[in-house]
1. Sort HIS927, HIS992, HIS368 so the one with the fewest other Cβ atoms within 10 Å of its own Cβ comes first.
2. Can you give me the distance in nm between label points at ARG394 and LEU526, each placed 7 Å from the Cα along the Cα-to-Cβ direction?
3. Run the numbers for ASP767 and ALA141: contour at 0.36 nm per residue of separation, minus the present Cα-Cα distance, in nm.
4. Given the Cα-Cα distance of ASP27 and GLU802 and 0.36 nm per residue of separation, how much length would full extension add, in nm?
5. Name the long-range amide H neighbours of ALA438: under 5 Å, sequence gap of 5 or more, or other chain; modelled H, no Pro or chain starts.
6. Summing +1 for each Lys or Arg and -1 for each Asp or Glu, what net charge is found among the other residues whose Cβ lies under 14 Å from the Cβ of GLU863?
7. Using modelled amide H (1.01 Å from N, peptide plane; none on Pro or chain starts), what sits under 5 Å from the amide H of ALA1076, excluding residues fewer than 5 places away?
8. Which ³J(HN,Hα) values, rounded to whole Hz and listed in residue order, are derived for the stretch 149-159 from phi using the Karplus coefficients 6.51, -1.76 and 1.60 in 6.51 cos²θ - 1.76 cosθ + 1.60 with θ = phi - 60°, glycine and proline given as x?
Amino acid sequence: MTEDQRQGSAPPDGSPAYVPEFLDAYDKARRPLGRELVAGRRKAERRIRRRRPWRFLSRGDEAVEQRPLPVLELRAGEEPPGADAGIITGLLLARSANQPVAVLAEAERTDPEKAPNGEGGAAEDLLRTEADVRGLVEEFAKRRTEVADPDWRSPDPLEFPRTESLLALFQVFGTQAESSGRPSGGWLEPREADSGVRSSPEIAEALRSRAAEERSAARRGAGDDGRLRTARSARVWAVRAGQGVLDGVGRLVYQVLYAGLYTVVDRIRGNDGKDGNVPAFDWFDQKVMTPLGFVVNLLLGLFLLLGVQNVPDLETLEQVIAVLVFSFIALLRGLVYLCWSQPWRPYRWLTGQFSLQPETEQSLFPDHRIVAQEVGRAYQAVVYGPSGPGLGKRRRAELGEKAHRLRLLLVNAVLADLEEAYPKRRYRTAFDRPVLIADRTATRWDGVSESPARRIDLVEAIEEVRTTEYAPDPLVVVTVVPGPVGADRPPDAPEDRNGERTLVQEITDWALRRHRGAHLGPSRVLSWDLGPTAGARAALGGRIPDGLRGREARVPSRRRRRQEALRRAVVSLAVLAPLLGAGWAVDHFNGECWRPMVRHQGVWGATTGSGARDCVGFTDGSFPFDPRLESVQDRIREQNDAIDTKKDPYVTVVYFGQMSVRDPDADNSRLAGVQGELAGLALRQEMHNDDAVNQGVPLIRLLLANTGPGWAHGETVAERIGEEMRKDDSIMAAVGFGQSLTTTTATIGALSKFGLPMVSSTATYDDIARIGEERTDFFFPIAPSNTRLARQAAQWGWSGAESADGSLEPSRSAVAVADDSSTESYGVDLAGSFMARFTALGGEAGAEAAEGFPPGVVPYGGEGQPSLQDVVREVCADPPELFYYAGRSADFGGFLNALQQTGRCPGGVRVMGSDDIAQYATDNLTHLGDVSGQTPVYYTPLAATGTWGLTGGNGERPFYANLARLSEELDLPSEIDVTEHQDRVRGPSVAHAAMAYDTLTVVSDSVDRAQRSQFGPERSDEPPSDLLSAIQRTRDLVGVSGTLAFDRPGDGYWFDDKLVQLVQAGPQDTQHVLAACGRITFERWAPGPNCLP
């Protein structure tokens, strides 16, 4: 005896807190399959087929999942009789909600079923089972509750096509037998009994007519809301009219063709339904209809395959005849389908039924039409056949055996329909598993004592089918029986032996028991005693608490389905739209690292340590690494295409840069810098190639090399470029290298092995080109070094700066925030140099020295270091007058926002940034202008508009006007055009464009000098063989960013007098140059103020 109530306290109102545990088991038994379980089972099956070891699925959920489950027998309280069983049944029904559930007591037909022939044994049992199965199907079709949400509805009722087709077959054969006018009792000879069986065409017509009536009823059936649909639209009227015409044609064809052909054949053969032991229908089906169908299909296939126009030597008349013959064959095929195939299609499942094996075992491939006829005749023989004392014992046994098989066939049809609704390998279904509840106190058989009602009990029939066929089914059978476990249930054990059995029989029975145990479990009934908690259930007083009610199954309503269909259609169109143009789709960047129709394919997919995949490598501009760069890459590709590589002398210059990012929004500032560099290269390439033809100088062709986010693949790309240099001797220089990272240093080292000179644009770390103990002689920076930038910035921070456009107030305390990420070489070095100079001037370090760092330097981003937000929170508790930002542009937006929201910093602090935030300033001028009153932002770009104007009205270089023109041609927003203010400008960074322009200026000048040096003033059609020495001798060259020269080879070629500028970003949505120090040209110096001595 077990206790079925979980512990719980009673509610304050005194109502019982009864939570029956058996409902949890009931829910678990009904639960649909899960995705993990289905996948695990498939994996286990595959391993078993390969004879590989596998782990048995033994968890509780998987054990409950096995199908079919045993009968769950719930033992209720005995007093008063049937009361507790009724309460348990009510709880199970409430738990089922609108899930498929049937109550056996409601499905059983209590009115007596009398056989028309007066036979009370096999015929009556078959009729009762037929009536019970009809009731069971109707029970499962009920919708017990409706969903209140108008966007949802209860799922459609379960369908039983096999069961309904079998019941229809019984009804048709029963109607045919009743219409024959045979007496309902007495003794008849077997030959007379068969005289009431009509011809198979009549049966087929009856089935076809019944199907037409069902279709007509379905057209008038209930919709989603349960109301009858009427012909309220032209579409519905057309469907009904078309189906009516089709049914009329089928009826006419049956009467003229099928029935007439059958009658003619039967008369020719000279019999009235029998030919030996073979019925006329069998002969007609096998000898006439099957060959006819084969010939019609063959001819139809030949005509469709060859086509009338492809038949040789056909004149016009012959073509017309051929078309008519083809039309006749096609029409004949349709008529054969309507009259011969369609009525019997629902009975194709009969050929594999175990209970019909004696009828079908004579043929290796039994025809379903013949089997259906045999089933119908067997039904007639049992229900309408001869009866009375004249029947012999053997005849009665045969009828009993036929009735038993038909009863099992009915039950198996129900289980097969349920299995189709809940397939074994499917885990998605709108319903929980169907349940059959048998309250034995209310059913025909009480389940306690042996009685004649037991042999026609549906539960017993279901179990007999399961133990005979071993086929899975999802039906959960729950019986509610009064009394404790074992009180009156016969033992589940083999029958007693009578001593007359042989050893072979014993071994056979043992093998059979083992086979049954493997498929159906060791026993088919699990009993659970609920009697001890009958009082708690009785206390419910017939009221079922809401907490015990089950979940409702629901599916989208018609309106919601239309909305979902529309949404899916829109999404599908959005996805498929880029694929509509086949040629464009092939030639357009699709996110993959390979593109056809690209002449210079050097791009491949690479994976970083984090698992992210990047498209890296080099291209002539045909492969856009990011959509933002596509237009400027196209311009470079067009300029490359203008070079006739077979005739024109040219040199190839490779640009190295980070042309792809992980997150385009978060890393937008990095893309602004790269976009600016590409724009500057495009301008300088255009300028050089336009003049090269007249001057006899080799043209410049650009390759664009993407090193991936953070230059993670720079060294690999450099190795590929080295391999390309062995095949293409026109590659003579590289430009770019705009980030001071350890990975950039590794890339420089890899290229140095190939002797390729590199002109750097915006890299400022003093030791970026240090390979081992020495700096490489192949790296040429045109930007000022970290040391010069930091010292001059500290000078301005301490002394201040002022111009007509704005001013920077002097500061007496400062903190330098530095990025110390694993690959960074730039931030800590720059911050340390700044604070060293600032404190030497008398300034105060506004933060305590972190371990291993100079005073005033606050690192972030490294291992074990705080985040940037935590650094701001700590420093803003007692903020300095000046923040010096030595981090990356991608982090500057978060840093600036944190300053305006944290601690005492919103009261007003000044921010001075390094050259890297020029990328952020390009895209966020309007925002910087909005915060300039509270948090003004200053930085030291490597080039900026207005620098040349500081020298006394000499005007601007033409570069800026050309960059504005290029931006307009490529439809790029430009920070130069301040007449159209934008909240977020996504144009190229002007500073990076100017620096990249100057790198190619160095290469262009070196190509000119190397050509003259190698071939003299007459020049040659051949490009120079080397540019290294020409680049090393670069002197007196003026670029947009100031003087371009390379000092002291052993010291990294840094130019000590390089121009450094101070800019305030934001006011009036533009940038204002406040100060500049260094050489603008070799004759002119920037006016300052407060330049380093």
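Each reported figure results from applying straightforward, stated rules to the coordinates on display, with no laboratory input. Just so it is clear, the model here is predicted, and its values are computed rather than measured. As a convention, Cβ positions derive from the backbone with ideal geometry for all residues, glycine included, and neighbour counts pool all protein chains shown.
1. Details: HIS927 20, HIS992 30, HIS368 17.
So the ranking, lowest neighbour count to highest, is HIS368, HIS927, HIS992.
2. Spacing of the two 7 Å Cα→Cβ label points: 4.8 nm.
3. Values: separation 626, 0.36 × 626 = 225.36 nm, distance 8.16 nm.
Here the answer is 217.2 nm.
4. Taking 0.36 nm per residue and subtracting the Cα distance, the gain is 271.0 nm.
5. So ALA438 has HN proximity to LEU104, VAL478, THR479, VAL480.
6. Around GLU863, the charge tally is -4.
7. Here the answer is LEU1062, GLY1088, since their amide H atoms fall under 5 Å of that of ALA1076.
8. Once θ is set to phi - 60°, the couplings for the stretch 149-159 become 5, x, 7, 10, 8, 5, x, 4, x, 5, 10 Hz.
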